[in-house]
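Notes follow the structure.
What follows draws every value from the coordinates through simple rules; no lab data is involved. None of these values were measured; they are calculated from a predicted model. As a convention, Cβ positions derive from the backbone with ideal geometry for all residues, glycine included, and neighbour counts pool all protein chains shown.
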Amino acid sequence: MRIGVMWGGVRDTPNLAELARRTRDLEARGFDTLWLPGVFGFDPLVAAAVIGQATDRIEIGTAVVPTYPRHPAALAQQALTTAAACGGRLTLGIGLSHPAVIENLLGLSYRRRASHMLEYVQVLGPLLRGERIAFRGEEYRVELGLNIPDAPPVPLMIAALGERMLEIAGNHAQGTILWCTGPRAIERHIAPRLRAAARAAGRPAPRIVAGMHIALTSKVELARQKVAKAMAFYGQMPSYRAMLEREGARVMLDGMALVGDERALDAGLDRLRDLGVSDFEASMLPVDDETEALTLAYLESRLQAP
């Protein structure tokens with residue numbers, strides 16, 4: 001299981017120079033991936049291009065870019081340009097976002113969610129592979145090709161939680177990027193539906209990126225309080241609330257984050273690996289001033305684990 005780190009969200013927004021420095025440090029430590037969120041901060045693809053010029057090996061992924069505000073052809077153009085700047089190390093993660101963002105903050109319609117995403121990837125996917133597209137749907141009517149020198153094909157990931165979205169991800173993308181999704185939901189809902197869709201489409205086994213808070217700490221009760229507070233916020237989003245309900249009654253404390261000593265963290269990572277999770281996306285839980293450094297050192301020591 002590959003291990004990456006997510007930086008740049010609402011809580012932790014370094015400037016681009018600091019983000020590049022942190023990413024160089026992750027690369028030097030041997031981490032596999034840096035993940036960049038897509039709302040309330042800098043544009044993740046512009047940031048990825050900057051970081052890509054400052055690094056050599058680490059994969060840079062978006063987790064995730066909301067689709068509604070961006071035409072798929074414009075996003076393909078931006079992603080291919082970024083991939084050229086990164087030397088082919090970009091993975092594009094996209095998602096619907098949530099009604100609170102799309103409707104309340106941006107004033108756009110959140111209707112036709114699954115059909116919107118299906119049309120979106122039918123335009124975006126071929127363009128990311130360097131193909132010319134001729135598509136006519138209800139929402140998009142596109143006929144064009146892109147010519148971006150040194151741009152390799154860009155892998156596409158979809159933030160998919162519901163049944164229809166998992167089917168679309170399995171049929172049209174390399175996998176899914178998860179948040180607010182614990183091991184029970186991955187085992188009983190996410191993984192089987194995603195893999196079945198990929199098999200039916202004749203595609204390779206899909207990638208499953210599990211994003212979770214993590215903290216190596218002896219202050220377990222404080223960490224659990226912080227997790228419960230964060231999950232209460234995310235639980236207001238219908239798609240995340242559905243995953244919380246799938247996880248069960250103890251989700252606020254145990255299902256959605258890895259907290260505790262090395263033994264507890266090892267058990268959590270081992271379970272995700274056993275479920276077939278391909279990537280762990282670490283979001284540092286701010287328990288105290290030492291937590292991030294200790295947690296990064298712990299994760300670094302587990303990078304080569306089988």
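What to note about this one:
- Across the alpha-carbon atoms of the range 79-119, the computed radius of gyration and Dmax are 14.1, 37 angstrom.
- Potential extension, residue 233-residue 129 segment - 0.36 nm per residue separation minus Cα distance: 33.7 nm
- Shape parameters for the range 1-79, alpha-carbon atoms, Rg then Dmax in Å: 12.4, 37
- Across the range 57-64, coupling constants 3J(HN,Hα) worked out from phi with the 6.51/-1.76/1.60 Karplus curve, θ = phi - 60°, read 10, 5, 6, 10, x, 9, 9, 9 Hz, and Gly and Pro carry x.
- Bins of 10 Å from zero: percent of alpha-carbon pairs in the chain: 6, 28, 37, 23, 5, 0
- Loop-located GluC sites (Glu not before Pro) in the range 256-304 (DSSP state other than H, G, I, E, B) with a sparse environment of at most 13 neighbouring Cβ atoms within 10 Å: 290.
- Each residue of the range 181-198 was assigned a 3J(HN,Hα) from its phi angle through the Karplus curve 6.51 cos²θ - 1.76 cosθ + 1.60 (θ = phi - 60°); the sequence is 9, x, x, 5, 5, 5, 5, 9, 10, 5, 4, x, 6, 5, 5, 5, 5, 5 Hz, with glycine and proline shown as x.
- Simple spin-label estimate for residue 143 and residue 15 in nanometres, 7 Å along Cα-Cβ: 4.8
- Under-5 Å amide H pairs with residue 137, H placed in peptide plane, nonlocal only: 142
- Dimensionless Rg ratio for the range 164-306, taking C-alpha atoms and the 2.2 N^0.38 Å reference: 1.07
- Here the Kirkwood formula, the inverse mean of 1/r across different C-alpha pairs, assigns the range 66-138 a hydrodynamic radius of 13.2 Å.
- The range 1-51: chymotrypsin sites (Phe, Trp or Tyr not before Pro) in DSSP loop, at most 15 other beta carbons within 10 Å: 40
- Using the Karplus relation 6.51 cos²θ - 1.76 cosθ + 1.60 with θ = phi - 60°, the per-residue 3J(HN,Hα) values for the range 103-109 come to 8, 6, 8, 9, x, 9, 7 Hz, with x marking Gly and Pro.
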